[in-house]
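Student: Next up is a structure, given as structure tokens.
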Amino acid sequence: MDDAENEAARRRVLEAADALFYAHGIRAVRMDRIRDAAGVSLKRLYRCYASKDELVEAYLRRRDRWVRGELADFVAKEATGLPHERVLAVFDWLHWWFGQPGFRGCPFTNAFNEVGAESARAAAAVHDHQRAVRAYLRGLIAATGVPDPDAVTNRFLVLYAGSLTVAAISRSSAPALYARETAATILAAESAPG
């Protein structure tokens, strides 16, 4: 197989793993199921990804790019006004995401709960994602001029992650709206003259 065919097989394997891991969980999905969904031989699958651990890491890195890319694009398009609007647009994006068919919670929390204690690669991908989301939030929050952007960012990260968990359990997009209301209250309080 040439490089293009190898890359196409690798992409099909990762796309199949992404869909199956997110829908059913990492432990529930065996490599032969991914092989079948990707339409490759088991030998080809293991040439693409030498182990399930490697494939799980690739899945999480792919999800990280999707989450952060979609979030940043949404915020850039939907909140062109004041810095406060850009911060609150994060929760508007979560509201949109929670309402999508097939939403099954945070893929990073799900993966960490399933395999984080056993897989250093998965745990590292989860931690990298959390750091990147925190850095993105901090940038948005710092632009509002609040006196202590780190403290506010820590609160917002809890609102962000908490709304993901509650939305997955309740099967409702409403937790994003509750988190948005709380975020607006925090921003107003932190921005008020001292």
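Student: Below 8 Å, C-alpha to C-alpha, sequence gap of six or more: please give me the relative contact order for the stretch 1-50 in percent.
Tutor: RCO, the stretch 1-50: 46 percent.
Student: Can you sort Leu140, Leu55 from fewest to most other Cβ atoms within 10 Å of each residue's own Cβ?
Tutor: Leu140, Leu55
Student: Right, something else. Checking a compactness column here: for the stretch 56-191, what do you get for Rg(Cα) / (2.2 N^0.38 Å), N being the number of residues? Don't skip to the answer; put the middle values down first.
Tutor: Numbers: Rg = 14.7 Å, N = 136, 2.2 N^0.38 = 14.2 Å.
Expressed relative to 2.2 N^0.38 Å, the Cα Rg reads 1.03.
Student: Taking neighbour counts of Cβ atoms within 10 Å as a proxy for exposure, in what order, fewest first, do Arg65, Arg47 appear?
Tutor: Numbers: Arg65 12, Arg47 15.
In order of increasing Cβ crowding within 10 Å: Arg65, Arg47.
Student: When the scattering of the stretch 1-50 is computed by the Debye formula from its Cα atoms alone, each counted once and equally, what is log10 I(q)/I(0) at q = 0.14, 0.18, 0.24, 0.25 Å⁻¹?
Tutor: Rounded to two decimals, the profile gives -0.30, -0.48, -0.81, -0.87.
Student: Mean Kyte-Doolittle of at least 0.5 plus a Cα span of 27 Å or more along the axis: flag which DSSP H helices in the chain meet both, please.
Tutor: The answer, listed by residue number, is 149-170.
Student: Also: Looking at Pro149, Ala176, Ile34, which one has the Cα that reaches farthest to the positive end of the dipole of the chain (charges on Cβ: Lys, Arg +1; Asp, Glu -1)?
Tutor: After comparing all options, I get Ile34.
Readers should treat all values here as calculations from the given coordinates under stated rules, not as data from a laboratory. Remember, predicted model here, so these are calculated numbers, not experimental data. No Cβ is skipped: glycine too gets one built from the backbone with ideal geometry, and neighbour counts run over all protein chains shown.
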